[in-house]
Amino acid sequence: MKNISQGSGFMKTDEFREWGHTMVDWMADYLDDVGRYPVKSNNEPGATTAVLEKSPPRAPEPMEHIWRDFQDVILPGITHWQHPRFFAYFPANSSRPSVLAEMLTATLAAQCMSWETSPAATELETKMVEWLREMIGLPDRFVGSIQDTASTATLSAVLAARERATDGAANTEGLGGPNRRTVYCSAEAHSSVDKAVRIAGIGSDNLRKIPVTEDLAMDADLLRLEIERDIENGSVPICVVGTLGTTGASGFDSLKEVGAVCRDFGVWFHVDAAWAGSALVLEEYRWMIEGIDAVDSFVFNPHKWLFTNFDCSVLYVKNEMEYLRTFALTPEYLKTRRDDAVINYRDYGIQLGRRFRALKLWFVLRRFGVDEIKRKIGDHIEWSHRVAAEISFHKDFEVLRAPVLSLFCFRFKPEGSSEAQLDGLNERLLHAVNDSGDLYVTHTRYNGHYAIRFVVGQTETTEADVVRGWDRIREIASNLA
């Protein structure tokens, strides 16, 4: 390859085209062969920093050097989230149509804050959130917008709840006054709720974590008692955050039961369905949103389980005008002659600057089609149930939390082991499994026990990958025992 970048920092079209072809070829090979990499990077802390230059280069560097260093310095420190045996956390899956759309998005480099700044981006976003709303069975009155992550969407919901409770005064006067504002979630809710109440000025001391039932659902009766107690003590309840598919062990709050409490007290009800929401494309899982009429806002992440590159989170709100009162702010330099006739998505959340995220959704939904999306998600759920059943029959393993969707929790429990030994033994098993490079799993605590989480959901995962993952766990465990 000609070294045509020497002497100039500005990349000419011919060089761009040549390196573009080189990198697309590499990308295609990577997506075909990602399974040959260790799933989790085994770099020690500081390994990448140690080989990076201390200061930026003064002169342009050839692309050959940059590309070589990408492969030699960066790749060894990458955990491969698109690996077919990535069973950790929740998936952040991708797909070839989504990658292609991201390339176009990067090339266009549009800033999609307003209709004026890119009309097609705004109108495509409107259509995509409508398509998704239909796909997951939400009522038509819910209006959506694309956010970066569910954490931002949950913060936006808490802010909207704060403004409802203060009749807009918090935005203009701040959070003064004698009354505390309180927010509620289950003890299993994601830490993004904790972060949201801090950023929104509510304060961690005013977040109430409600105990869960045996099935990991928020106890609606205890929620009611907690709200009543706060009111008696002079506090103002403003928001309840329910969860569909909690991160630790996949609990599901009852929208009907929690929603009834919220309705009785006039409290904003936000639902975090970041991972599990994608499974609503399957009609047999629509039980998750029974009681949706009581919900004020609902978020799910296509970038988790809908084959769309990170970041892409969709927030739906029931009362659009009430929500907009929290965020809409139009200085003179952002006013346009069409504002009264169009949607400006900068008013639908925290960010002013917005990426063209709708394009990758459009590519994914059209290239896959709804039926193929349903088939793939259904397969993930079925394979998870099968391997969990196999684990439950093994004399040296125990399933602690059976899968509802495609997440379950288990532990290694060899005969003769005491409870005092099991936490340490399972932690050693987890590290040995991940250090093997064959698969990647993470842990949680379930009923006080150290538990290994196993989540099926990667785009290219097959049933053979799931079986191989379980075989490898069993093999490594036998050596530890």
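Here, each number is a calculation from the coordinates, and none is a lab measurement. Keep in mind the model is a prediction, meaning the values are calculated, not measured. With ideal geometry, Cβ positions are generated from the backbone for all residues, glycine too; neighbour counts draw on all protein chains shown.
Only four residue types carry charge here, +1 at the Cβ of Lys and Arg and -1 at the Cβ of Asp and Glu. Report the dipole size of the chain about the Cα centre in Debye, rounded to the nearest 20.
Values: 53 positive and 69 negative charges, 133 e Å.
About 640 debye.
With a 10 Å radius around each residue's Cβ, average the other Cβ atoms per peptide and rank 366-377, 444-455, highest first.
Going by the mean number of other Cβ atoms within 10 Å, highest first, we get 444-455, 366-377.
Can you list the GluC sites (Glu not before Pro) in the range 1-95 that are in a DSSP coil and have 12 or fewer other beta carbons within 10 angstrom?
Details: sites: 15, 18, 53, 64; in loops: 53.
Those that pass, being in a loop and sparsely packed, are 53.
Can you classify the range 200-243 as rounded, prolate or oblate using the Cα gyration tensor, where a ≥ b ≥ c are the square roots of its eigenvalues, rounded means a/c under 1.5, and otherwise it's prolate if a/b beats b/c and oblate if not?
The shape class here is oblate.
Can you list the equivalent-ellipsoid semi-axes of the range 103-367, largest first and in whole Å, using the square root of 5 times each Cα gyration tensor eigenvalue?
Computed over the range 103-367, the values are 30, 23, 14 Å.
Convex hull volume of the Cα atoms in the chain, per residue, in Å³?
Spelled out: Cα convex hull of the chain, divided by residues, is 183 Å³.
Only loop residues by DSSP count here, and only those with at most 14 other Cβ atoms within 10 Å; note down the trypsin sites (Lys or Arg not before Pro) in the range 14-105 that meet that.
54, 58
Among the trypsin sites (Lys or Arg not before Pro) in the range 140-169, which ones are in a DSSP loop with at most 15 other Cβ atoms within 10 Å of the Cβ? Mind listing them?
Loop-located and lightly packed - 141.
Report, by chain and number, residues whose modeled amide H sits under 5 Å from the one on residue 113, excluding near sequence neighbours (fewer than 5 apart, same chain).
Long-range HN contacts for residue 113: 354.
Can you run the Rg to Rh ratio on the range 370-480? Use alpha carbon positions and the Kirkwood inverse-distance Rh. Write down the numbers at each step before the final one.
Working: Rg = 14.1 Å, Rh = 14.3 Å.
On the Cα set of the range 370-480, Rg over Rh gives 0.98.
When the Cα centres of the range 316-389 and the range 405-481 are compared, how far apart do they sit, in Å?
34 Å
For the peptides 286-299, 262-275, what is the packing order when you average, over each peptide's residues, the other Cβ atoms within 10 Å and list the highest mean first?
Packing proxy ranking, top to bottom: 262-275, 286-299.
Extending each Cα 7 Å along its Cβ direction at residue 417 and residue 134, get the distance between those two points in nm, one decimal.
5.0 nm
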